[in-house]
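Here is the structure we will look at.
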Amino acid sequence: MNSLATSKRTQVIAALVEGASINSIVRMTGVSKPTILRLLEQMGCVCAEYHNRAVRSLQVRRVQCDEIWAFVYAKQKNVTEEQMAKGAGDCWTWTAIDADTKLIISYALGDRGIGTARFFINDLASRISNRIQLTTDGHRVYVDAVEDAFGADIDYSMLVKIYGMPSSLDESRYSPATCIGCRTATISGNPDPRHVSTSFVERQNLTMRMGMRRFTRLTNGFSKKVENHGHAVALHFMHYNFCRIHKTLRVTPAMEAGLTDHVWTIEELIGLMG
């Protein structure tokens, strides 16, 4: 990596965070595929470490949580136990977003079970220094995880969406079912019903699918190794929080949350590697 100029590193990272595939970056920049993957690994590690260290002691009012599906190497139904042991199969990314600053507070990769839920919610709780209002979808594992992490010191509600049957089998293959209503349930505390919503975190899911080639559906751009998948996610969230100006805020989420006083450049991001 020492032989790769900073200008080339900047080109590669800029292409990665804009959703370009590895092979297309090879063609655009002339940098070899192994070099791009090594750079992604290094950037992913330093971004995850910086997020873990810097995104702490937050004063937050409203948090929304959700999970987004992807897969590594092959879909769950097509992998063997040996491949699963290496990280192949379904991989869910859990995210928690501040509804006011749009900051990604916490994220975790894993399955959709209670173990990942507890790790994720405990990490979220460790980064917040005040009582919050939390909204999740109706995934049941959240209930025990939130109680374990926050106890009674939280205003927590679930938003359960009700979907109708698709109009035809052909449409249902590629199009999601139509949401015909929502049902809310207060789990703990006294959440404000006006702010029981998962709209911001669901919009963040779209940002992830647009910003990471590995999350694009119905393509061959999916991750082949779980390690690379994790590095890409860490880089994406670091860029989203510190480098990318949010259109409604006119600043980055990190600036709005008081974690920095300026918009980070790609060069600054690369500078984390020392």
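Take every Cα pair under 8 Å whose residues are at least 6 apart in sequence, average their separation, divide by the length of the chain, and the relative contact order is 23 percent. Classified by the C-alpha gyration tensor, the range 1-82 has an oblate form. Its axis ratio a/c, with a ≥ b ≥ c, is 1.5 or above, and a/b does not exceed b/c.
For the range 183-274, the share of accessible area belonging to carbon and sulfur comes to 51 percent (1.4 Å probe, ligands and nucleic acids excluded). For the pairs Lys8/Lys75; Lys102/Lys161; Lys102/Lys225, note any where the Cα-Cα span goes beyond 27 Å. Violating the 27 Å limit, Cα to Cα: Lys8/Lys75; Lys102/Lys225.
If you average 1/r over all unlike Cα pairs in the chain and invert the result, what Kirkwood radius do you get in angstrom?
19.8
Seen against the Cα atoms of the chain and their longest principal axis, helix 199-211 is set at about 20 degrees.
Taking the protein heavy atoms of the range 2-63 in the context of the full set of protein chains, the accessible area attributed to carbon and sulfur is 49 percent at 1.4 Å. Counting only protein heavy atoms and a 1.4 Å probe, the chain has 51 square angstrom of accessible area per residue.
Rounded if a/c is under 1.5, else prolate if a/b beats b/c, else oblate: with a ≥ b ≥ c from the C-alpha gyration tensor eigenvalues square-rooted, which is the range 1-46? In terms of gyration-tensor shape, rounded.
Given the options Asp90, Asp148, Asp66, state which has the largest fluctuation in a GNM of the chain using a 10 Å cut-off (strictly under) for Cα springs. Greatest mean-square fluctuation among the candidates belongs to Asp148. From helices alone, the chain scores -12500 deg cm²/dmol at 222 nm; the rule is -39500 (n - 2.57) for each run of n ≥ 4 DSSP H residues, then divide by the residue total. Shape of the range 34-89 from the C-alpha gyration tensor: oblate (a/c of 1.5 or more and a/b not above b/c, with a ≥ b ≥ c the square roots of its eigenvalues).
The amide H of Ser106, built 1.01 Å from its N in the peptide plane, has Ala96 as neighbours under 5 Å, considering only residues 5 or more places off or on other chains. What is the distance in Å between the Cα centres of the range 15-30 and the range 224-268? Distance between centres, Cα-based: 19 Å. Among Ile114, Ile13, Ile97, the residue with the largest mean-square fluctuation in a Gaussian network model of the chain, with springs joining Cα atoms closer than 10 Å, is Ile114. Relative protection proxy for 44-50, 82-88, from highest mean packing down: 44-50, 82-88 (other beta-carbon atoms within 10 angstrom).
The values are calculated or read from the model by the stated rules, or taken from the named source; none is laboratory data. The model shown is predicted, which means the values in this text are computed figures rather than measured ones. Here the Cβ is made from the backbone with ideal geometry for all residues, glycine too, and neighbour counts use every protein chain on show. When the accessible area is computed, the model is the full protein with side chains, heavy atoms only, and any ligands, DNA or RNA have been set aside. Shrake-Rupley method; radii C 1.70, N 1.55, O 1.52, S 1.80 Å.
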